[in-house]
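First up is the structure itself, then whatever we jot down about it.
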Amino acid sequence: MNDKELQIRNEFISDIRGIIETAKTGAVRSVDFSRVLMYWKLGERIVVEEQDGKERANYGSFLLQNLAKRLEPEYGSGFSYRQLARARQFYSTFPIVSALRTQFNWLQYKLLIQMNDPDKREYYEQEALHNAWTGRELERQINSGLYERLLLSNDKESVLAVARRERIPEHPSEIIKDPMVLEFLGIKRQAACYEKDLESALIDNLQDFLLELGNGFSFVARQRRLLLEDDEFSIDLVFYNRLLRCFVIFDIKTRKITHTDIGQLQMYVNYYDREEKLPDENPTIGILLCADKNNALVKYSLPENNKTILASKYQLYLPTENQLIDEMKRELKKFEENRGRKKT
């Protein structure tokens, strides 16, 4: 068999595999949505029955307990009291069947219906849809407080507008989170960690890191070497963001950053703007990914109109809800204080 015949055979086999994989994916999605639709219909029927017997005290709880006793022995744990209560909540949260996403499985809907804030629920629904998140990826984003972290530096309307694809992000803060949560690296909080070790861990877990970075990022380079006359430098990580239409440079520091670090990152950004950026692309963004930072130092080390240099703390553990609430309160207090100074 010559090379051309071999190529044709390989292409044929590749096509056959593609047909099979597409069919398998479609079958899984069909089964997943059939399960979703089943729970929605169960929820609808339970709510109708509850409304018919609403004059009886605690009728809803009695109904679900009695139903679970009948169904669980016959159909299994998927029809326990807890699951039936979720089905009722599912229908109450999404009362219109045509609004259900065929791409979502039951795990994703279970996560969404637990949110009491409709704006927060819509944000995660839109992001899961547009980014094709799996149930586990959606769960990770919720647990990392993605929505709350974006609200630290953006207003709710802007965050939702970007999620709905009603507008393109215009400023890095609309995409870049502060803090960044890197719990997937598996590095202990107390562990001594050098920049190169953290960088290697990020590359080894690139898929998870891209998920944390968010919309529009693609990997470009690691340890990008710059030779400026007799001096040699290395940029830790380089990405490109198709929404912001610019390069995004990461300089990693496993300590508290200094004004010298900011100056070095500014040099990297200047180099990319002058040597790598195309005329129709936007200015390069530089991010200092650091263990700690002094916000005032960052502010006064940069021009007032700075839009391209950011410092973002990383943390190696998932934040608690209280930590995110406290951080939002601190940011709101700073905002109110700054607004008061401007008025005076």
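Within the range 55-84, restricting attention to residues that are hydrophobic (A, V, I, L, M, F, W, C) and buried (at least 17 other Cβ atoms within 10 Å of the Cβ), which residue is modelled with the lowest pLDDT?
Looking only at the range 55-84, we keep the residues that are hydrophobic (A, V, I, L, M, F, W, C), and these are 57, 62-64, 67-68, 71, 79, 84.
Of the ones still in play, those that are also buried (at least 17 other Cβ atoms within 10 Å of the Cβ) are 63-64, 67-68, 71, 79, 84.
Values: Leu63: 85, Leu64: 89, Leu67: 90, Ala68: 90, Leu71: 90, Phe79: 91, Leu84: 91.
Checking each candidate, the answer is Leu63.
Per the conditions (1) surrounded by fewer than 20 Cβ atoms within 10 Å (Cβ to Cβ); (2) within 19 Å of the chain's Cα centre (by Cα); (3) modelled with pLDDT of 90 or more, the sole criterion not satisfied by Phe239 is (1).
Take Glu125 and tell me if it is at pLDDT 90 or above, out of contact with any Gly (no Cβ under 7 Å at 6 or more places or on another chain), farther than 21 Å from Lys41 by Cα and of a type in the set (Asp, Glu).
In short, no.
The set of residues from the range 277-316 being under 16 Å from Val248 (Cβ atoms), at pLDDT 90 or above and exposed (fewer than 14 other Cβ atoms within 10 Å of the Cβ) comprises just one member, Leu278.
Between Asn305, Asn322, which is of a type in the set (S, T, N, Q), assigned to a helix (DSSP H, G or I) and without any contact (Cβ under 8 Å) to a residue 24 or more places away in the chain?
On the way: Asn305 fails: assigned to a helix (DSSP H, G or I).
Only one candidate qualifies: Asn322.
Considered as a group, the residues in the range 90-127 that are touching a helix residue (DSSP H, G or I) at 6+ places or on another chain (Cβ under 7 Å), under 19 Å from Asp32 (Cβ atoms) and polar (S, T, N, Q) include one that is surrounded by the fewest Cβ atoms within 10 Å (Cβ to Cβ), and that residue is Thr102.
Val248 falls short on exactly one of the conditions (1) at pLDDT 95 or above; (2) surrounded by fewer than 20 Cβ atoms within 10 Å (Cβ to Cβ), and that condition is (2). The single condition among (1) part of a strand (DSSP E or B); (2) surrounded by fewer than 17 Cβ atoms within 10 Å (Cβ to Cβ); (3) touching a residue at least 60 places away in the same chain (Cβ under 8 Å) that Thr254 does not satisfy is (2).
Glu157 - would you say it is modelled with pLDDT of 90 or more, over 22 Å from Arg101 (Cβ atoms) and surrounded by fewer than 14 Cβ atoms within 10 Å (Cβ to Cβ)? Explain how you work it out, then say what you get.
Values: modelled with pLDDT of 90 or more: yes; over 22 Å from Arg101 (Cβ atoms): yes; surrounded by fewer than 14 Cβ atoms within 10 Å (Cβ to Cβ): yes.
Spelling it out, Glu157 is indeed modelled with pLDDT of 90 or more, over 22 Å from Arg101 (Cβ atoms) and surrounded by fewer than 14 Cβ atoms within 10 Å (Cβ to Cβ).
With part of a strand (DSSP E or B) and closer than 30 Å to Arg164 by Cα as the only criterion, which of Leu237, Leu226, Leu202, Leu210 stands out? When all the criteria are applied, what remains is Leu237. Note on the range 30-54: among residues that are surrounded by fewer than 15 Cβ atoms within 10 Å (Cβ to Cβ) and hydroxyl-bearing (Ser, Thr, Tyr), the one that is modelled with the lowest pLDDT is Ser30.
Only one of these is farther than 20 Å from Phe90 by Cα and among the acidic types (Asp, Glu): Glu127, Glu122, Glu137. Name it. Spell out the reasoning first.
Details: Glu127 fails: farther than 20 Å from Phe90 by Cα; Glu122 fails: farther than 20 Å from Phe90 by Cα.
Selected residue: Glu137, the only one of Glu127, Glu122, Glu137 that is farther than 20 Å from Phe90 by Cα and among the acidic types (Asp, Glu).
Evaluation of Leu210 against the conditions (1) in contact (Cβ under 8 Å) with a residue 12 or more places away in the chain; (2) surrounded by 13 or more Cβ atoms within 10 Å (Cβ to Cβ); (3) within 20 Å of Ala128 (Cβ to Cβ) shows that the sole unmet condition is (1). Inclusion of Asn131 among residues that are surrounded by fewer than 20 Cβ atoms within 10 Å (Cβ to Cβ), within 30 Å of Thr254 (Cβ to Cβ) and either among the hydroxyl-bearing types (Ser, Thr, Tyr) or modelled with pLDDT of 90 or more (or both) is warranted.
The values are calculated or read from the model by the stated rules, or taken from the named source; none is laboratory data. Note that the structure is predicted; figures quoted are calculated from it, not measured. In this analysis, Cβ positions are derived from the backbone assuming ideal geometry, glycine residues included, and neighbour counts consider all displayed protein chains.
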